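Asks: This structure is in structure tokens; I'll ask about it shortly.
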Amino acid sequence: MAASFEHLPMRTKIALGDALIGRVRSGQQGETELWSLSRIGARQLLYGPTNQVLPPATVSAWVEALLPLPNVDEILASMAQSTGDATRDLPPPTLDKVRLKLAESPAADRLLSILSGEQARDAQNLSRIFGEELPSGLVMGGGTL
């Protein structure tokens, strides 16, 4: 849920991201933590203003922590997506590392298209962000009404 709060203060978003990276480093991450991290560190926000995008140096450190992990290609593509705005884009050395990792993926063409900013958000991601489903981890009670 916190990943959807694009208007949170920068310090709060950085603290949330750092906490999620801590879980990643300890091996406690799951799909929800990784997805939340990708939304907090996104270079393009869904509805928030561009001045709410986290600094590239902060997100670059998170990307570096994710690079050695398996099954994070989609997350990396989202966090490193090019915007054409030098104040938001990650530094070229970080982008080069992400590009190399994505090139090894079975979905390399699609992921590299996302990374370069050419591919719009897919329906699955938009559904996950704006859909009517319950957030991951939240369960409806089994009682009768």
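Asks: Is it the case that Arg88 is of a type outside the set (Val, Ile, Thr) and part of a loop (DSSP other than H, G, I, E, B)? Full working, then the answer.
Replies: Numbers: of a type outside the set (Val, Ile, Thr): yes; part of a loop (DSSP other than H, G, I, E, B): yes.
Taking the combined requirement at face value, the residue satisfies it.
Asks: Would you check which residues across the stretch 41-64 are part of a helix (DSSP H, G or I), modelled with pLDDT of 95 or more and either among the polar types (S, T, N, Q) or within 14 Å of the chain's Cα centre (by Cα) (or both) and list them? So that I can check it myself, show each step before the final result.
Replies: From the stretch 41-64, those part of a helix (DSSP H, G or I) are 50-52, 56-64; that's our starting set.
Right, trim to modelled with pLDDT of 95 or more and you get 56-64.
Matches in the stretch 41-64: Pro56, Thr58, Val59, Ser60, Ala61, Trp62, Val63, Glu64.
Asks: Which residues, counting only those in the stretch 44-70, are farther than 21 Å from Arg23 by Cα and among the small types (Gly, Ala, Ser)?
Replies: The answer is Gly48, and nothing else.
Asks: So Ser38 passes all but one of these: (1) in a loop (DSSP other than H, G, I, E, B); (2) modelled with pLDDT under 95; (3) in contact with a helix residue (DSSP H, G or I) (Cβ under 6 Å, 6 or more places away or on another chain). Which condition number does it fail?
Replies: Exception for Ser38: condition (1).
Asks: Being of a type in the set (A, V, I, L, M, F, W, C) and either outside any helix (DSSP H, G or I) or out of contact with any helix residue (DSSP H, G or I) (no Cβ under 8 Å at 6 or more places or on another chain) (or both) is the filter here, so list the residues in the stretch 12-32 that pass it.
Replies: Answer for the stretch 12-32, where residues must be of a type in the set (A, V, I, L, M, F, W, C) and either outside any helix (DSSP H, G or I) or out of contact with any helix residue (DSSP H, G or I) (no Cβ under 8 Å at 6 or more places or on another chain) (or both): Ala15, Ala19.
Asks: Now for a different question. Residue by residue through the stretch 24-57, note down the ones that are among the hydroxyl-bearing types (Ser, Thr, Tyr), touching a Lys or Arg at 6+ places or on another chain (Cβ under 9 Å) and surrounded by 16 or more Cβ atoms within 10 Å (Cβ to Cβ). Outline the logic, then answer.
Replies: Just the residues of the stretch 24-57 that are among the hydroxyl-bearing types (Ser, Thr, Tyr), to begin with: 26, 32, 36, 38, 47, 50.
Checking which are touching a Lys or Arg at 6+ places or on another chain (Cβ under 9 Å) leaves us with 50.
Hits for the stretch 24-57: nothing passes.
Asks: Still on this model: Going by the conditions given, is Leu69 surrounded by 11 or more Cβ atoms within 10 Å (Cβ to Cβ) and either at pLDDT 95 or above or among the small types (Gly, Ala, Ser) (or both)? Spell out how you get there, then give the answer.
Replies: Numbers: surrounded by 11 or more Cβ atoms within 10 Å (Cβ to Cβ): yes; either at pLDDT 95 or above or among the small types (Gly, Ala, Ser) (or both): no.
No: the conditions fail for Leu69.
Asks: While we're here: Could you check, for the stretch 62-81, whether at least one of its residues is hydrophobic (A, V, I, L, M, F, W, C), touching a residue at least 24 places away in the same chain (Cβ under 8 Å) and over 19 Å from Ile114 (Cβ atoms)?
Replies: Of the stretch 62-81, the ones hydrophobic (A, V, I, L, M, F, W, C) are 62-63, 65-67, 69, 72, 75-77, 79-80.
Okay, now just the ones that are also touching a residue at least 24 places away in the same chain (Cβ under 8 Å), so 62-63, 65-67, 69, 72, 75-77, 79-80.
With over 19 Å from Ile114 (Cβ atoms) added as a condition, the list becomes 65.
Yes, the stretch 62-81 contains a residue that is hydrophobic (A, V, I, L, M, F, W, C), touching a residue at least 24 places away in the same chain (Cβ under 8 Å) and over 19 Å from Ile114 (Cβ atoms).
The values are calculated or read from the model by the stated rules, or taken from the named source; none is laboratory data. Owing to the predicted nature of the structure, the values given are computational and were not obtained by experimental measurement. A quick note on method: Cβ atoms are made from the backbone with ideal geometry, for glycine too, and the neighbour counts reach across all protein chains shown.
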